[in-house]
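The values are calculated or read from the model by the stated rules, or taken from the named source; none is laboratory data. Since the model is a prediction, treat every value here as computed from it, not as a measurement. Cβ sites come from the backbone with ideal geometry, for glycine too, and all protein chains shown count toward neighbours. Only protein heavy atoms, including side chains, enter the accessible area calculation; ligands, DNA and RNA are left aside. Shrake-Rupley method; radii C 1.70, N 1.55, O 1.52, S 1.80 Å.
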Amino acid sequence: MVNLKRGRPTPFDHFMNRAKVVAERSTCGRREIGAVIIKDGVEISSGHVGAPRNAVHCIDIGRCLRTELKVPSGERYELCRSVHAEQNALLNAGRMGISVTNGEMYIWSKRIKGAYEQEKKGSKIYGPCMICKKEIINVGLKAVYMREEGVGDVSYSIEEIKSLLIKEEEEIRKSFRP
């Protein structure tokens, strides 16, 4: 007899699991990150963190410039060889001519053990970064859902993403010393 009462993941868990699978392709030495974009309940694009197409990956050369320079997490992204998972998901949709307007992004992230000078235990979910926030706003996504392995889940509406961007800008203004 077939068990018709078996459980199945919620849509949230299913798409978060998809982002986790995409993260397996990550080539950053600091984090595994995967992002999937969903529209009308269908996955339309995905991306992982890693070097640009046909470029050498950090895990292949065994080096990370930001680690060597002791750049703290969340700072100086222009020094990073990798393209963020969020950016790759957006770029991959564009390469295929797929509109992501009114879509939702699911992001799964995990720190690589020992990859950071000062290991921080849980408590904060990192991302999307300021650059990715601006791109998410501009393409017209309506929501972002994140899971930081060992920390938890957080959801953002586009209005919340805009508010976070303004808040981050204010914090930078306060700490900036010309």
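Results, tabulated for the structure shown:
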| read-out | value |
| --- | --- |
| Long-range neighbours under 7 Å by Cβ, at least six apart or interchain, first residue under 14 Å from Gly50 (Cα atoms) within segment 63-79, second open to solvent by 60 Å² or more (accessible area, probe 1.4 Å) and assigned to a helix (DSSP H, G or I) | Tyr77/Ile131; Leu79/Leu65 |
| Of the criteria (1) of a type outside the set (Asp, Glu); (2) at pLDDT below 95; (3) more than 15 Å from the chain's Cα centre (by Cα); (4) open to solvent by less than 40 Å² (accessible area, probe 1.4 Å), which one Gly62 fails | (4) |
| Pick from segment 67-91, criterion farther than 20 Å from Ile107 by Cβ and not in a loop (DSSP other than H, G, I, E, B), ranking: most open to solvent (accessible area, probe 1.4 Å) | Glu78 |
| Close pairs (9 angstrom Cβ cut-off, 6 or more residues apart or separate chains): modelled with pLDDT under 95 in segment 80-104, open to solvent by less than 30 Å² (accessible area, probe 1.4 Å) and acidic (Asp, Glu) anywhere | none |
| Residue in segment 120-178 that is most open to solvent (accessible area, probe 1.4 Å), counting only those that are small (Gly, Ala, Ser) and at pLDDT below 90 | Ser123 |
| Residue count, segment 49-73 (criterion: closer than 30 Å to Lys39 by Cβ and touching a helix residue (DSSP H, G or I) at 6+ places or on another chain (Cβ under 9 Å)) | 3 |
| Filtered residues of segment 44-63 (kept if in a strand (DSSP E or B) and among the polar types (S, T, N, Q)) | Ser45, Ser46 |
| Qualifying residue in segment 45-55 (condition: on the phi < 0 side of the Ramachandran plot, among the basic types (Lys, Arg) and touching a residue at least 60 places away in the same chain (Cβ under 8 Å)) | no |
| Some residue of segment 15-31 being out of contact with any strand residue (DSSP E or B) (no Cβ under 8 Å at 6 or more places or on another chain), modelled with pLDDT under 95 and open to solvent by 80 Å² or more (accessible area, probe 1.4 Å) | no |
| Selection count where residues are more than 9 Å from Ala89 (Cβ to Cβ), part of a strand (DSSP E or B) and in contact (Cβ under 8 Å) with a residue 12 or more places away in the chain, scope segment 20-43 | 6 |
